[in-house]
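Written below as structure tokens is the structure these notes are about.
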Amino acid sequence: MTKGVYWLRNDLRISENLALARAISECDEVLLVKVFDDRTWDPSRMSSIRANFALQSLYALHGKVNDLGGVIDFIHGRASEEIPKIMKSWGAERCYAQREDAWDEVVEEREIGQKVELVLSEGKGLFSEEDLPFDLVDLPMVFSSFRSKVEKGLSVRPILKAPRRINCSWTARGEFPDLASLAHQQPQFDSRAAMNFLGGEDRARDWMKEWIWNRDCLKTYKDTRNGLLGPDYSSKFSPWLANGCLSAVEVYWEIKSYESKRVANESTYWLLFELLWREFFRFVARRHGPKIFCREGIKQDGLSKLKENLDMLDNWKSGRTQDDFVNANMLELNRTGWMSNRGRQIVASYLIHDLGQDWLAGARYFESQLIDYDPCSNYGNWMYLGGVGNDSRSSRVFNPVKQAEFYDHQGRFRKLWLS
Ligand SMILES: Cc1cc2nc3c(=O)[nH]c(=O)nc-3n(C[C@H](O)[C@H](O)[C@H](O)COP(=O)(O)OP(=O)(O)OC[C@H]3O[C@@H](n4cnc5c(N)ncnc54)[C@H](O)[C@@H]3O)c2cc1C
């Protein structure tokens with residue numbers, strides 16, 4: 001009888017889950033374990049809106065696991081201590097998990113791997129490190145070069161089927177935590193939100209079908225993707241992708257299906273293009289380890305002088321700067337955990353270039369607020385805008401007034417958030 005523990009990370013789904021499929025195929029019994037680490041869940045590091053979305057996703061997974069006969073146990077502490085402990089209590093031989101890319105997660109993997117047999121699978125992205133047409137040390141510095149190299153022989157694996165059963169004889173000891181037990185308050189839904197994001201695998205798949213097929217938004221995505229208002233202008237897949245409710249591989253095949261059944265055009269290609277940015281930043285994080293969390297970034301030059309000013313930073317965070325377009329975007333973030341890609345670029349550029357503040361402070365604030373927070377995409381994009389990342393230009397400066405004129409010509413977005 002082989003027993004395996006499945007360590008839940010940013011992979012909150014049953015279907016299209018490579019690591020879970022492997023655990024179930026190699027073990028007679030599999031126990032899923034979620035460890036709540038207070039370093040991550042502390043309200044100073046994670047807003048209640050973000051925590052709520054993550055808990056909803058976990059709750060949905062819990063229901064699915066129970067339906068399949070399986071068990072999730074909920075533990076508070078450090079994964080590197082709790083996973084080996086529970087494995088010992090139950091007599092599990094191996095721990096299975098999704099391989100992550102960012103430094104803290106890699107360190108955690110190493111710590112667990114030193115104590116027990118840890119089997120990692122690459123399920124986070126479209127492809128794995130082994131599929132890259134170059135060694136990781138030779139990862140191109142700029143996206144265009146990465147893209148042209150990986151696109152040439154791009155081969156994405158087929159979609160995995162969901163398991164039919166998860167056998168497990170363990171009786172869970174931990175209760176499913178509510179927000180209050182994690183020191184969070186129940187957030188209030190703001191009716192101005194671009195959409196009502198609900199966590200979980202089914203919600204993710206429903207929205208993917210709705211956006212691509214029913215609303216037919218993929219057809220025009222390249223023209224609409226810089227929008228600011230409503231659910232349709234971009235896919236809004238990121239919160240589910242970041243928490244692993246949705247698999248990038250599944251999105252890829254949905255695009256392909258749409259292209260063969262309805263239309264293949266620049267827009268359908270562009271969604272894949274954006275998913276390749278996600279892949280790029282995953283590998284940048286893996287290649288450069290802790291550097292992406294340092295002010296010097298991966299360039300180690302091009303730093304501008306800081307005007308350290310906590311009031312300026314606070315005003316930026318709370319949407320009280322001199323610029324109303326920046327403020328509107330920050331209010332949207334604070335009230336909903338969401339901001340458009342255009343908004344993110346503008347507020348980040350404003351913090352760095354207009355206010356002369358540290359890009360890391362901005363990145364940390366985004367980390368705490370965004371429901372789609374992902375360490376690789378967040379720090380990768382911030383580094384890029386801070387001039388210390390993967391950009392051939394020394395910095396990218398956005399003029400917020402011109403941006404507002406262009407992207408919010410009638411002022412509808414500003415009116416929504418400022419009045
Ligand atoms: C300063 C800054 C911080 C960011 N922080 C995050 C973050 O923490 N988590 C996150 O998922 N994205 C982050 N992004 C990237 C991007 O803004 C979001 O992925 C996108 O806005 C999500 O909306 P969508 O799902 O509708 O995207 P779409 O436009 O529909 O794109 C589809 C998918 O492609 C990926 N993608 C798109 N643009 C990017 C990009 N620039 N970099 C990496 N992946 C991308 C996302 O997975 C996205 O869901 C950040 C961008 C900036 C400028």
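Every test in (1) without any contact (Cβ under 8 Å) to a residue 60 or more places away in the chain; (2) not in a loop (DSSP other than H, G, I, E, B) is passed by GLN188 save one, and that test is (2). When each of GLY389, GLY302 is tested for being modelled with pLDDT under 95, part of a loop (DSSP other than H, G, I, E, B), in contact with a Ser or Thr (Cβ under 9 Å, 6 or more places away or on another chain) and more than 10 Å from the ligand (Cβ to nearest atom), the lone residue that passes is GLY302. When region 82-127 is filtered for residues that are open to solvent by less than 50 Å² (accessible area, probe 1.4 Å), assigned to a strand (DSSP E or B) and over 27 Å from LEU275 (Cβ atoms), the ones remaining, listed by number, are ARG94, CYS95, LEU118. Considering only region 219-231, I want to know if a residue exists there that is open to solvent by 70 Å² or more (accessible area, probe 1.4 Å) and in a helix (DSSP H, G or I). Scanning region 219-231, I find at least one residue that is open to solvent by 70 Å² or more (accessible area, probe 1.4 Å) and in a helix (DSSP H, G or I), so the answer is yes.
Being under 21 Å from MET339 (Cα atoms), among the charged types (D, E, K, R) and open to solvent by 20 Å² or more (accessible area, probe 1.4 Å) is not true of ARG262.
One residue stands out among those in region 239-259 that are open to solvent by 10 Å² or more (accessible area, probe 1.4 Å) and away from the ligand (no atom under 13 Å from the Cβ): the one that is nearest to the chain's Cα centre (by Cα), which is TRP253.
Rundown of residues vs (1) outside any helix (DSSP H, G or I); (2) polar (S, T, N, Q); (3) modelled with pLDDT under 95; (4) in contact with a Cys (Cβ under 8 Å, 6 or more places away or on another chain), yes/no style:
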position: TYR269; (1), (2), (3), (4): no, no, no, no
position: PHE273; (1), (2), (3), (4): no, no, no, no
position: TRP277; (1), (2), (3), (4): no, no, no, no
position: PHE281; (1), (2), (3), (4): no, no, no, yes
position: VAL284; (1), (2), (3), (4): no, no, no, yes
position: ILE292; (1), (2), (3), (4): no, no, no, yes
position: GLU308; (1), (2), (3), (4): yes, no, yes, no
position: TRP316; (1), (2), (3), (4): no, no, no, no
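Taken over region 40-73, the criterion of being touching a strand residue (DSSP E or B) at 6+ places or on another chain (Cβ under 9 Å), closer than 22 Å to ILE371 by Cβ and open to solvent by less than 10 Å² (accessible area, probe 1.4 Å) is satisfied by LEU58, LEU61, ILE72. Of the residues making up region 344-366, those that are near the ligand (Cβ under 7 Å from one of its atoms) and either over 16 Å from LEU306 (Cβ atoms) or outside any helix (DSSP H, G or I) (or both) are ARG344, GLN345, PHE366. Residues in region 323-343 that are assigned to a helix (DSSP H, G or I) and charged (D, E, K, R) were compared, and the one that is most open to solvent (accessible area, probe 1.4 Å) is ARG335.
The values are calculated or read from the model by the stated rules, or taken from the named source; none is laboratory data. Because the structure is a prediction, the values reported are computed rather than measured. Virtual Cβ from ideal backbone geometry, glycine too; neighbours counted across all protein chains shown. For the accessible areas, the whole protein counts, side chains as well, though only heavy atoms, and no ligand, DNA or RNA atoms are used. Shrake-Rupley method; radii C 1.70, N 1.55, O 1.52, S 1.80 Å.
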